[in-house]
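Read the structure below first, then the notes.
The values are calculated or read from the model by the stated rules, or taken from the named source; none is laboratory data. Because the structure is a prediction, the values reported are computed rather than measured. In this analysis, Cβ positions are derived from the backbone assuming ideal geometry, glycine residues included, and neighbour counts consider all displayed protein chains. Surface areas here come from the heavy atoms of the whole protein model, side chains and all, with no ligands, DNA or RNA. Shrake-Rupley method; radii C 1.70, N 1.55, O 1.52, S 1.80 Å.
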Amino acid sequence: MIRLGGYGVPVTSDDPLEIARAHVDFGYRAAYCPAVELGDKDRIKAIRDAFAANDVEIAEVAAWRNIVPPEPKVRKANRAYVKERLAVADEVGARCAITYIGSMQPGGNYEPHPDNLTQKGFDEFVECAREIIDDVKPKRAKFCLEMMQWELPDSPEILLALIKAIDRPAFAAHLDPVNLIVSPRLYYDNASLIRRCFELLGPYIISAHGKDIVLGDKLSLHLSEVIPGRGNLDYRTYLSLLDGTGIPIMLEHLADADYPEARDHLRSIGGSMGIAI
């Protein structure tokens with residue numbers, strides 16, 4: 001079985017038990033962590049207990065912040081937020097806390113910048129990741145980065161290099177192959193890209209995103225995210241490599257009304273391969 005999770009769950013209650021049950025009713029066995037602050041110990045315990053009781057794994061705690069901005073005050077505040085999110089992930093029993101590296105663009109979030117993909121950007125993040133992990137000292141949860149198109153890590157090779165350079169067991173790999181498809185060659189042969197991700201990163205992968213991508217016919221180059229099943233991502237390869245690993249796949253970036261279609265597409269592909277989703 002591959003645990004599937006995502007957004008789009010029709011629930012209005014803030015009660016962790018109701019939220020967990022709604023995930024099961026929707027066909028999910030993995031979840032993004034509900035909103036909770038580190039100081040709210042009672043709610044953290046309620047979330048942890050409710051999701052465990054319903055056999056729904058908390059895959060990710062969102063920690064989306066630019067952690068390499070050039071402004072010292074912004075950098076300090078953003079890193080403090082990510083540290084808090086990693087601590088929440090550890091307390092709530094999540095697999096990981098995830099962010100993007102961000103951008104060196106002044107006043108930016110994750111905008112393109114010439115330094116983002118340089119050795120300077122690489123070294124900056126190695127220092128940053130060590131700081132976050134060493135300050136939090138998570139016992140279970142991992143710290144992860146979103147794969148991105150114009151910032152690190154922009155390939156499985158770069159992510160593996162980051163893992164080795166950071167040299168902390170709490171730093172793990174997060175897989176999002178759609179974000180690595182940045183050319184027509186990769187678009188048409190994304191199965192090879194997916195296989196390379198597992199060959200290089202397999203032991204380190206802790207969670208994964210499920211999206212899809214379509215190549216347009218406008219110049220100069222247009223690659224757009226679409227609902228899973230409407231694009232070209234090789235889900236047969238992707239699901240076959242996820243099967244048996246325990247890595248959950250999480251849907252994202254869709255309108256609420258589109259999540260059932262995405263869920264059903266993955267289940268259909270998995271069913272045709274004998275994989276329960």
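Considering segment 88-98, and only residues there that are in a helix (DSSP H, G or I) and under 10 Å from Val61 (Cα atoms), the residue that is most open to solvent (accessible area, probe 1.4 Å) turns out to be Asp90. Here Lys137 passes the criteria (1) on the phi > 0 side of the Ramachandran plot; (2) of a type outside the set (Asp, Glu); (3) surrounded by 23 or more Cβ atoms within 10 Å (Cβ to Cβ) except the one numbered (3). Restricting the first member to segment 77-93 and to residues that are within 12 Å of Ile132 (Cα to Cα), and the second to residues that are charged (D, E, K, R), the beta-carbon pairs closer than 7 Å and six or more apart or on different chains are Asn78/Arg65; Arg79/Glu131; Tyr81/Arg65; Val82/Arg65; Lys83/Asp135. Given (1) in contact (Cβ under 8 Å) with a residue 60 or more places away in the chain; (2) basic (Lys, Arg); (3) surrounded by fewer than 20 Cβ atoms within 10 Å (Cβ to Cβ), where does Arg263 come up short, assuming only one miss? The number of the failed condition is (3). When the residues of segment 204-231 are filtered to those that are open to solvent by 50 Å² or more (accessible area, probe 1.4 Å) and in contact with a helix residue (DSSP H, G or I) (Cβ under 8 Å, 6 or more places away or on another chain), the one that is nearest to Arg267 (Cα to Cα) is Glu225. For Leu239, the criteria (1) in a helix (DSSP H, G or I); (2) open to solvent by 50 Å² or more (accessible area, probe 1.4 Å); (3) within 18 Å of Ala276 (Cβ to Cβ) hold in every case but one, which is (2). The residue that is surrounded by the most Cβ atoms within 10 Å (Cβ to Cβ), counting only those in segment 7-34 that are over 22 Å from the mean Cα position of the chain (by Cα) and assigned to a loop (DSSP other than H, G, I, E, B), is Val11.
Residues of segment 67-90 that are of a type in the set (D, E, K, R) and within 17 Å of Ala170 (Cα to Cα): Arg79, Lys83, Glu84, Arg85, Asp90. Looking at the structure I just gave you, is Glu131 open to solvent by 30 Å² or more (accessible area, probe 1.4 Å) and either touching a Phe, Trp or Tyr at 6+ places or on another chain (Cβ under 6 Å) or under 28 Å from Arg3 (Cβ atoms) (or both)? Considered against the rule, which asks whether it is open to solvent by 30 Å² or more (accessible area, probe 1.4 Å) and either touching a Phe, Trp or Tyr at 6+ places or on another chain (Cβ under 6 Å) or under 28 Å from Arg3 (Cβ atoms) (or both), Glu131 comes out as no.
What pairs can you find where one residue is in segment 227-255 and β-branched (Val, Ile, Thr), the other is at pLDDT 95 or above and in a loop (DSSP other than H, G, I, E, B), and their Cβ atoms are less than 8 Å apart, with a gap of 6+ or different chains? The qualifying pairs are Ile227/Leu254; Ile247/Ile2; Ile249/Ile2; Ile249/Arg3. If you take the residues in segment 152-165 that are of a type in the set (A, V, I, L, M, F, W, C) and more than 19 Å from Glu60 (Cβ to Cβ), which one is surrounded by the most Cβ atoms within 10 Å (Cβ to Cβ)? If we take residues in segment 152-165 being of a type in the set (A, V, I, L, M, F, W, C) and more than 19 Å from Glu60 (Cβ to Cβ), then Leu152 is surrounded by the most Cβ atoms within 10 Å (Cβ to Cβ).
Against the list (1) loosely packed, with under 14 Cβ neighbours inside 10 Å; (2) closer than 19 Å to Ser192 by Cα, the condition Ala257 fails is (2). What's the total number of residues in segment 157-195 that are within 20 Å of Ile2 (Cβ to Cβ) and touching a residue at least 40 places away in the same chain (Cβ under 8 Å)? Residues in segment 157-195 being within 20 Å of Ile2 (Cβ to Cβ) and touching a residue at least 40 places away in the same chain (Cβ under 8 Å): 9 in total. Consider Ala77 against the criteria (1) open to solvent by 10 Å² or more (accessible area, probe 1.4 Å); (2) closer than 21 Å to Leu251 by Cα; (3) in a helix (DSSP H, G or I): it satisfies all of them except one. Which criterion is unmet? Status for Ala77: all satisfied but (2). Taking segment 198-256, which residues are of a type in the set (Asp, Glu) and more than 17 Å from the chain's Cα centre (by Cα)? Those that are of a type in the set (Asp, Glu) and more than 17 Å from the chain's Cα centre (by Cα): Glu199, Asp217, Asp234, Asp243, Asp256.
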